[in-house]
Each structure stands twice: as structure tokens, then as C-alpha cells.
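*Asks:* After the C-alpha cells below, expect a handful of questions from me.
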Amino acid sequence: MLTDDYATRMTSSVVGTLLKLIFHIELGKNDDTAFPDDEMKDKYQEFKKMIDNGDLNGAENQMSDILDPDNMEIFKLSLMVYYYMNEKDAQFLEEHDYSKSEITDGLRHVATLYGYESMAEALLGHTAE
């Protein structure tokens, strides 16, 4: 329980920091204006609906399919999707075969793909490989 709370806070902090530094988005204050493009807004809403319906793995797989290191809007989208996943409690995640560590691993992967590996590692700490 305490470990999950710590992981939740750390992941939220990392995502919040990346969104603030890179995109000038402050979570909880301007989430609704984060995507000026309707297509990205719709995609974000689609991912949120999948997550709410318990299809976290499906949402992550679909998100992975659209990752493009040349498209920073997709990076922003992925950060916000992982943040949304992270806000789910441990029981919800467990019921849907997902975990806080999968969220952290996904976040690390996306940060690395977009060239922010060192920033993510500084904020999250190094992985035990």
C-alpha cells in the first residue's frame, strides 16, 4: 500500500514535471486546453474511456502503435494517458491486470523514445537491470 502510494506520487510528479517543462501544461489547471487539435483531443478521450472501462493494456497497445518520435503532440498525449492511468487506484489496476510498475515502465519507454530518458531517470531514479 505504502509502496503504491509512493509510486503514484513519483509518477504523477514526473509526468507533471515533464508536461510543465516541455509543454507548459499544469495538470489540473489546463488539461482541457492541452490539445489544440481536435483529433488529439478525441484520441485522448478515447484512451480515457478505454482506461475507465478497464482496458488499460489495450489503451497502452494502441498508444504504442501511434508513437512517433517526430510528433511531440503524441508524446504529450502519452504522458497524459500515463498520468490518467496512474490516477487509478491499485485495486482497479489489479482487477484489470495492470500495475503501477507497468505505468512507470511505459513512462520510461516513452521518455526514452522522445529523447527525455535522462530527465525521466533523474526524476524516477535508475532502473534495476
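*Asks:* I need a count of the residues in region 94-106 that are at pLDDT 95 or above and crowded, with 19+ Cβ neighbours inside 10 Å.
*Replies:* Residues flagged as at pLDDT 95 or above and crowded, with 19+ Cβ neighbours inside 10 Å within region 94-106 amount to 1.
*Asks:* When you scan region 102-120, how many residues do you find that are without any contact (Cβ under 8 Å) to a residue 40 or more places away in the chain and either among the aromatic types (Phe, Trp, Tyr) or not in a helix (DSSP H, G or I) (or both)?
*Replies:* The number of residues fulfilling the criteria is 0.
*Asks:* Kindly list, by first and then second residue, each pair from a residue in region 63-78 that is among the hydroxyl-bearing types (Ser, Thr, Tyr) to a residue that is surrounded by 13 or more Cβ atoms within 10 Å (Cβ to Cβ) and not in a helix (DSSP H, G or I), limited to pairs with Cβ atoms under 9 Å and residues at least 6 apart or on different chains.
*Replies:* From residues that are among the hydroxyl-bearing types (Ser, Thr, Tyr), the pairs are 78/67; 78/114.
*Asks:* Residues that are charged (D, E, K, R) and within 27 Å of residue 121 (Cβ to Cβ): which helices (runs of 4 or more DSSP H) entirely in region 1-98 hold 3 or more of them?
*Replies:* Because the criterion is at least 3 residues that are charged (D, E, K, R) and within 27 Å of residue 121 (Cβ to Cβ), the helices (runs of 4 or more DSSP H) in region 1-98 that meet it are 2-18.
The values are calculated or read from the model by the stated rules, or taken from the named source; none is laboratory data. Quick caveat, the model's predicted, so the values are computed rather than measured. Cβ atoms come from the backbone with ideal geometry, glycine included; neighbour counts cover every protein chain shown.
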